[in-house]
Structure formats: structure tokens, C-alpha cells
């Protein structure tokens, strides 16, 4: 049987913040913990840029801190430096519906940039940002084939998706219209 492909996933600090320990009872905390545990178990990798790393250090739960240390020890951290994509920033500014939408997208654009230079996948709880980027994907081609997965959405079957190789499925693309 061929080895399972390991994917590089850009995991937002929102997931790190929400993940709870073994005694967690809040559904979002449990789902985030179970998702991170599955990433570790299946041997996918987490993308860390300097900015993402700073956000994780500032917001991560105790569970996420231990998970990250374990991922580093297993060499499952994809460290990348992202050069700001000025053209993408300009397109987002130009195409944003208003200043509030523009600012909201700027807050998470570093996740998109990291995804574009790795395996094109963002994992985040932020449905508002997802919606804004999905709406803009019609006009900004770079966004179209970026997958966005929310580990708290049971209907997305995020752990099953991980187990099946975390492939970029069209229905998860920002430009899918879903």
C-alpha cells in the first residue's frame, strides 16, 4: 500500500485558541482538539510563517502549545517565509465591498498568502473571513482554488477529509460558490 501523502495545512490561531484538553466539554473545543490530534496522527504538517507563529504564541491554548511542540519534534512543521504579495493586496483593496470588509480580509490575508505557496489550504474557524474571500474569489483569481476548512463544522467532515488525504476538493474551494 503506498504511503499516504502528507499535506501542508495553514492552521489559523483561531483553531489553536479554541482547542481544549482531554477534559474539554465545549463542542468547539473538542472538535478543534480532535482535528489537531488527527493532523498529528495522520502525519499532515502545519505551516508556520513568522506571523502565524506569533499569532499562535499569543493565542494558543495549553493543548495547542503541547501539540505544536510535538509537531516540531516530529519535524511536521513547514516553516516558510512569505513575501507580501502586493498585487494581491491591491486586488483585495480594490475589490472589497467597503473599508470594513477590506480590513477584515487584511487581518487574514497572510493565511491566504501562506496557503498559496504551500498546499493551498486554510483551516480556520472564521466563517466571516471565509465568506468575504469566497465572495471575492469571483473577481480575484488567486483565491479561487484555495481550500478553506472549518474544523467546527460537522457537515464538512473535517477529520474524514484529513483521513482521506486532505486533498483539495472543489466544494471546499473559495471559488466554488458553495
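With each run of n ≥ 4 DSSP H residues scored as -39500 (n - 2.57), what mean residue ellipticity at 222 nm is computed for the chain after dividing by its residue count and rounding to the nearest 500 deg cm²/dmol? Walk me through the numbers on the way to the answer.
Working: 8 runs with 89 residues, N = 178.
That comes out to -15000 deg cm²/dmol.
What is the gain in length, in nm to one decimal, between residue 86 and residue 66 on full extension, counting 0.36 nm per residue of separation less the C-alpha to C-alpha distance?
Values: separation 20, 0.36 × 20 = 7.20 nm, distance 3.50 nm.
This chain segment gains 3.7 nm when fully extended.
Where both partners of a DSSP beta bridge lie in the chain, what percent of those bridges are antiparallel, to the nearest 5? Spell out each step's value before the answer.
Numbers: 1 of 11 bridges.
If I count the DSSP bridges inside the chain, around 10 percent turn out antiparallel.
Using only C-alpha positions, report the orientation-averaged shadow area of the convex hull of region 51-154, nm², one decimal.
Values: hull surface 29.5 nm².
Taking a quarter of the hull surface, the average projection is 7.4 nm².
In degrees from 0 to 90, rounded to the nearest 10, what is the angle of the helix 62-73 Cα long axis to the longest principal axis of the chain?
90 degrees
Between the helical axis of 99-116 and the dominant principal axis of the chain, each derived from Cα atoms, what acute angle in degrees is found, rounded to the nearest 10?
So the helix axis and the longest Cα principal axis differ by about 50 degrees.
Stretch residue 74-residue 153 to full length: gain in nm at 0.36 nm per residue minus the Cα-Cα span? Walk me through the numbers on the way to the answer.
Details: separation 79, 0.36 × 79 = 28.44 nm, distance 2.80 nm.
Difference between extended and current length: 25.6 nm.
What order do you get for 58, 135, 113 when you list them from fewest to most C-beta neighbours inside 10 Å?
Numbers: 58 10, 135 18, 113 21.
So the residues, fewest neighbours to most, are 58, 135, 113.
Which whole number in µm²/s is D for the chain by Stokes-Einstein, with the Kirkwood Rh taken over Cα pairs at 10 °C and 1.306 mPa s? List each step's numbers first, then the result.
On the way: Rh = 16.4 Å.
Once the numbers are plugged in, D ends up at 97 µm²/s.
Nearest 10 degrees, 0 to 90: what angle lies between the long axis of helix 50-59 and the longest principal axis of the chain (Cα atoms)?
60 degrees
Which FRET efficiency, nearest 0.05, do residue 93 and residue 57 yield, Cβ-Cβ r, R0 35 Å? Numbers along the way, then the final one.
On the way: r = 29 Å, r/R0 = 0.82.
Here the calculated transfer efficiency is 0.75.
Each reported figure results from applying straightforward, stated rules to the coordinates on display, with no laboratory input. Fair warning: this is a prediction, and the values are worked out from it, not measured in the lab. As a convention, Cβ positions derive from the backbone with ideal geometry for all residues, glycine included, and neighbour counts pool all protein chains shown.
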